[in-house]
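Trainee: Below you'll find the structure I mean.
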Amino acid sequence: MTALTLSTAAAPGLRADAIVIGVVKGAKGPVVAPGAEAVDNAYDGKLAGVLETLGASGAEGELTKLPAPAGFKAPLVLAVGLGAEPDDEAAEDGDAGYDAEALRKAAGVAARALVGCKKAAFALPVDGPGAIGAIGEGVLLGAYSFDQYKENGKNGKNGKGKNGKAPLAEATLLGGKPRDAAHKAAVARAVAVGEELNRARDLINMPPNDLDPQAFAAVAQTAAKEHGIKVQVLDEKALAKGGYGGILGVGGGSAAAPRLVKLSYTHPKAEKHLAFVGKGITYDSGGISLKPAGHNETMKCDMSGAAAVFAAVVAAARLGLEVNVTGWLALAENMPSGSATRPGDVLRMYSGKTVEVLNTDAEGRLVLADALWAASLEKPDAIVDVATLTGAMMLALGSRTFGVMANDDAFRTAVYEAAEEVGEPAWPMPLPEHLRKGMDSTVADIANMGERMGGGLVAGLFLREFVGEGITWAHLDIAGPAFNEGGPFGYTPKGGTGSAVRTLVRLAELTAEGDLG
């Protein structure tokens, strides 16, 4: 993991492989962003012109390399685009008008480009701890790589990453004050969130032959022990004894038995309790309702919700937040076999309700239903579930935005705003009552399928049936942004993204601060 340090040193005298500066897209051409004054002065104040000559415009994510000026100890200047130049009215929150997400993305793009470097100095706009945290987070997320299974990967012959090169080893954030408590706290938060989010990415990227429910549970147990989190793992015998028909029904077709993992972080001064519930299908073949060719290859990512919940609980513990957070990981592998659940079977859920299974590929809602009811029995102040639940949500919102549904409009808005604040694109979605009727069953209390149109909303309505009465609840359908099948962008890599981790952590922070509900 890339190390983060703070420094008030001037860029020219800093020993590093590169100096990273920001460039914004001005009305008349590129403009050098604050933080790079010393670099601009070394170019006699003509750095913007030099960059324009090299084709730079300041567009978001744009990279331009140029030799460092004479007298600099670093050989390279790396200019990264921040996007549109902020106007005067945008200068809020002590960050000179530079949006935190713009800084986060720019730092991520630069960190990814600096693979193989030992040290880089980031001279991006800093005018407060918010900017420090955003840049630090962007560096850690952008420097991420998953190479464990390659000969020259992290666990391979030489411990190196992409193309045999290790990720950026150290990032020094210029303008950050090493002795300033707020600046140090911002870095500490960035490290905790960044490291745990990257751990979630590792789990999502791990092949399903190495990450089955039992292996995932073991990872959670190890992390819980390290960070003082209480952990309970229900194996197949305990699940059967407890009547967890949804989790058992989904996992019944696999040689790898299901698990329900409960992670409990508590703080002695906490007055509120949040429950996070994650869908953890370590591989989803669709079961008897087998997925068609071309839809199976990335189904190792169907445990992204559980990975996000796991990471968020550990991050909350590392940050010492004054809130009790319980994470529920509903883990199963959905496979076809002679013991698999069939379309037409009826499952008795942990809540006592029965579900007619019309499609075994609508399995995520079944494992979540049991975990939601288990979470409800503890009467938390709110429950948030996270799941790669429906292709319908991807059709509605695309591959970078997750949907937010809730049984309370104010809470849905709060979750949406928290997601936007931390840079995770989200959109509020309704739960239309008329769609509930489509799940009526002639043989059970409810069917696991309803109307085809609005399928993502139907899934949300199904989950609502298993939330305890009077408990505030939200559902995040992260099917789109959980796994990036395209090229990397900003601080987002190809593969597992860790979507929703930062939203969950922010919800925990807001609850601890008394600003959520």
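The values are calculated or read from the model by the stated rules, or taken from the named source; none is laboratory data. None of these values were measured; they are calculated from a predicted model. FYI the Cβ positions are ideal-geometry reconstructions off the backbone, even for glycines, and counts take in every protein chain you see. Note: accessible area is taken over every heavy atom of the protein model, side chains too, but ligands, DNA and RNA are not part of it. Shrake-Rupley method; radii C 1.70, N 1.55, O 1.52, S 1.80 Å.
Trainee: Residue by residue through the stretch 353-365, which ³J(HN,Hα) values in whole Hz follow from phi under the Karplus form 6.51 cos²θ - 1.76 cosθ + 1.60 (θ = phi - 60°), with glycine and proline marked x?
Mentor: Calculated HN-Hα couplings, in order: 6, 9, 10, 7, 8, 8, 8, 6, 7, 9, 8, x, 5 Hz.
Trainee: So what is the relative contact order of the stretch 375-498, in percent, for Cα pairs below 8 Å that sit 6 or more residues apart?
Mentor: Details: 207 pairs, mean separation 48.6, N = 124.
Relative contact order comes out at 39 percent.
Trainee: How much of the calculated P(r) for the stretch 226-342 lies past 26 Å, in percent of all Cα pairs? Kindly include the intermediate steps, with their values, before the conclusion.
Mentor: Values: 1939 of 6786 pairs.
Percent of Cα pairs beyond 26 Å in the stretch 226-342: 29.
Trainee: Please report the accessible area of residue 19 (heavy atoms, 1.4 Å probe, ligands and nucleic acids excluded) in Å², nearest 10.
Mentor: Rounded to the nearest 10, the figure is 0 Å².
Trainee: Can you list the residues, at least 5 places off or on another chain, whose amide H is less than 5 Å from the amide H of residue 474, using H built in the peptide plane?
Mentor: Correct list: 383, 384, 385.
Trainee: Order these peptides, 210-219, 113-122, by their mean beta-carbon neighbour count within 10 angstrom, highest first.
Mentor: Going by the mean number of other Cβ atoms within 10 Å, highest first, we get 113-122, 210-219.
Trainee: Quick one: work out the % antiparallel among DSSP beta bridges in the stretch 253-373, nearest 5.
Mentor: Values: 10 of 21 bridges.
Restricted to the stretch 253-373, the bridges split so that about 50 percent are antiparallel.
Trainee: Using θ = phi - 60° and the Karplus relation 6.51 cos²θ - 1.76 cosθ + 1.60, list the HN-Hα couplings for the stretch 108-123 in order, rounded to whole Hz, with x at every Gly or Pro.
Mentor: Per residue, the Karplus-derived 3J(HN,Hα) values read x, 4, 5, 4, 5, 6, 9, 4, x, 8, 7, 8, 9, 9, 9, 9 Hz.
Trainee: Under the rule a/c < 1.5 gives rounded, and otherwise a/b versus b/c splits prolate from oblate, where does the stretch 381-517 land using the Cα gyration tensor?
Mentor: Verdict is oblate for the stretch 381-517.
Trainee: Using only the Cα atoms, what convex hull volume per residue in Å³ does the stretch 9-116 have? Walk me through the numbers on the way to the answer.
Mentor: On the way: hull volume 10.9 nm³, N = 108.
Once divided by residue count, the hull of the stretch 9-116 is 101 Å³.
Trainee: Separate question: Where both residues lie in the stretch 188-333, what percent of DSSP beta bridges are antiparallel, nearest 5?
Mentor: Bridges in the stretch 188-333 that DSSP calls antiparallel: roughly 55 percent.
Trainee: Given an 8 Å cut-off on Cα distances and at least 6 residues of separation, report the relative contact order of the chain as a percent.
Mentor: Over the chain, the number comes to 14 percent.
Trainee: So, one more: For the chain, what is the calculated [θ] at 222 nm in deg cm²/dmol (nearest 500), taking -39500 (n - 2.57) for each run of four or more DSSP H residues and dividing by its residue count?
Mentor: Value at 222 nm, helices only, nearest 500: -10000 deg cm²/dmol.
Trainee: Step through the table entries 241/379; 165/494; 184/230; 105/272, compare each Cα-Cα distance with 26 Å, and write down the pairs that go over it.
Mentor: In this structure, 184/230; 105/272 lie more than 26 Å apart at Cα.
Trainee: What percentage of all Cα-Cα pairs in the stretch 259-303 are separated by more than 18 Å?
Mentor: 51
Trainee: Using only the alpha-carbon atoms of the stretch 363-423, report the extent along each of the three principal axes, biggest first, to the nearest angstrom.
Mentor: The Cα atoms of the stretch 363-423 stretch 34, 28, 18 Å along their principal axes.
Trainee: Taking Cα centroids, how far is the stretch 351-406 from the stretch 428-476 in Å?
Mentor: 9
Trainee: Which of the trypsin sites (Lys or Arg not before Pro) found in the stretch 362-464 are loop residues per DSSP with 13 or fewer other Cβ atoms within 10 Å of their Cβ?
Mentor: 452
Trainee: Convex hull over the alpha-carbon atoms of the chain: what's its volume per residue in Å³?
Mentor: It is 151 Å³ per residue.
Trainee: Alpha carbon centre of the stretch 256-332 versus the stretch 413-427: separation in Å?
Mentor: Distance between centres, Cα-based: 19 Å.
Trainee: On to the next question. Only bridges with both residues in the chain count here: give the DSSP antiparallel percent, nearest 5.
Mentor: In the chain, DSSP labels about 40 percent of beta bridges as antiparallel.
Trainee: Sorting check: for 183-190, 275-282, 370-377, 438-445, which peptide has the highest mean count of neighbouring beta carbons within 10 Å, and how do the rest follow?
Mentor: 275-282, 370-377, 183-190, 438-445
Trainee: A further question on this structure: Can you quote the Å³ per residue value for the convex hull of the Cα atoms in the stretch 166-257, rounded to an integer? Let's see the in-between values first.
Mentor: Working: hull volume 14.0 nm³, N = 92.
That works out to 152 Å³ per residue.
Trainee: Moving on. Under 1.5 on a/c is rounded, so check that first for the stretch 329-411, then, if it is not, pick prolate when a/b is larger than b/c and oblate when it is not; a ≥ b ≥ c are the square roots of the alpha carbon gyration tensor eigenvalues. Intermediate values should be presented prior to the final figure.
Mentor: Values: a/c = 2.20, a/b = 1.21, b/c = 1.81.
Note, shape of the stretch 329-411 comes out oblate.
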